[in-house]
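Enquirer: Shown below is the structure under consideration.
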Amino acid sequence: MFKFNFNLDCEAESGTEDLETESIEPPLEWLPALRHEITKHHLPSSSDADVIEVTIGTTKIKHLAESCALKKLQEKGNSCNVSSVLEKRTDLVPAVYEGGLTIWECTWDLLQHLADLDICLKDKRVLELGCGAALPAIYCALHGAHITVQDYNEEVVNFITIPNVAVNLYNSTTEEAATSVDVHPSQTLASRATFYSGDWAAVNELLLNQQKCESNKGENITDDANDEGQKFDLILTSETIYNPSCNKKLLDLMTAHLKQDGIILLAAKTHYFGVGGGTQQFANLVKAQDQLQVQSITSNSLGVKREILKMNFKVKQ
């Protein structure tokens, strides 16, 4: 089991160290944005025995066991960018591996909150950022939404995210595909889900470029910067604000792609010990940006407090 082992060097400095010899770490190189396609290799098979089923409200959701995903990643060996990280069983290495293998506690909080809201998701556009197993997005897809999901590592998207989406939506799309000539189920799945990997800033730029291309196709050429056709009704994210240095990229991505009447739901711990991130710090960033209004909903007060931040655009005066 992966855990957040955010280690702090708590030993007091002696003061005798020569500051001039202190090394300066080079800036992190974040991964570029990639769009991923569903192939027949992502579709569930009889060999996928390690599938777990959970019930949220009245909705049944399936997901691959972490051990199954790890096995597939280990089989990739040196061709897998995160293989050396996984061998050490570490939580994350900034800009290398960002923890997408594990389903953290706040994901369950977010799923239960979605079930409690009982909102109509049919034909809605939903974006989940830092998705990992993508269970909240899958919940929305099972209720009729089109989902777009992103995780930092392409290995996570290929070996966890897409297989999880496929194992949930495959049965409901097989029948559709069977009625269409020369349409493979993977193509039908692709019409219901879109997948990205990479750094939030890079994904933001890629989505903006794609939005411009869609807006300028054929006779639909428009100069309206507020065209919302490719934006999202609902944006979800869970356990993604542990690194304060990345929070602005996350917020910029969300505000750039949220519809004017859309909603953001962010589930996280009040404080991530050892790194300084948490809901209060993120809420302060939202208030400083001054585009969204933010409301906190306590999801769990036992142990480390967990919250869900609900955000939406401020009403223009």
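Enquirer: Considering the stretch 297-314 alone, what residues qualify as being open to solvent by 60 Å² or more (accessible area, probe 1.4 Å) and either of a type in the set (D, E) or at pLDDT 90 or above (or both)?
Expert: K305, K310, K314
Enquirer: Sticking with this structure for a sec: If you check L86, L129, L73, which single one turns out to be modelled with pLDDT under 95 and either touching a Cys at 6+ places or on another chain (Cβ under 6 Å) or buried (at least 23 other Cβ atoms within 10 Å of the Cβ) (or both)?
Expert: L73
Enquirer: How about the stretch 31-43: which of its residues are part of a loop (DSSP other than H, G, I, E, B) and either out of contact with any helix residue (DSSP H, G or I) (no Cβ under 7 Å at 6 or more places or on another chain) or open to solvent by less than 40 Å² (accessible area, probe 1.4 Å) (or both)?
Expert: L31, A33, I38, L43
Enquirer: Here's something else I'd like to know. So E228 fits all but one of (1) touching a Phe, Trp or Tyr at 6+ places or on another chain (Cβ under 6 Å); (2) open to solvent by 40 Å² or more (accessible area, probe 1.4 Å); what number is the exception?
Expert: The failed condition is (1).
Enquirer: Also: Report, by residue number, each residue of the stretch 103-126 that is closer than 16 Å to T237 by Cα and either over 20 Å from the mean Cα position of the chain (by Cα) or open to solvent by less than 80 Å² (accessible area, probe 1.4 Å) (or both).
Expert: Within the stretch 103-126, I103, W104, C106, T107, D109, L110, L111, H113, L114, A115, R125, V126 meet the criteria.
Enquirer: Among the charged types (D, E, K, R) and part of a strand (DSSP E or B): does that describe K259?
Expert: The answer is yes for K259.
Enquirer: What number goes with the only condition from (1) open to solvent by 10 Å² or more (accessible area, probe 1.4 Å); (2) among the small types (G, A, S); (3) over 23 Å from L28 (Cα atoms) that G262 does not pass?
Expert: That leaves (1) as the condition not met.
Enquirer: Hey, can you tell me all the residues within the stretch 269-296 that are of a type in the set (S, T, N, Q), open to solvent by less than 50 Å² (accessible area, probe 1.4 Å) and assigned to a loop (DSSP other than H, G, I, E, B)?
Expert: Within the stretch 269-296, just T270 meets the criteria.
Enquirer: Would you be able to tell me the number of residues in the stretch 136-159 that are hydrophobic (A, V, I, L, M, F, W, C) and open to solvent by 10 Å² or more (accessible area, probe 1.4 Å)?
Expert: Qualifying residue count for the region: 2.
The values are calculated or read from the model by the stated rules, or taken from the named source; none is laboratory data. Being a predicted model, the structure only gives us computed values, none of them experimental. Don't worry about glycine lacking a Cβ; one is built from the backbone with ideal geometry, like all the others, and counts go over all protein chains shown. What goes into the accessible areas is simple: the full protein's heavy atoms, side chains included, and nothing from ligands, DNA or RNA. Shrake-Rupley method; radii C 1.70, N 1.55, O 1.52, S 1.80 Å.
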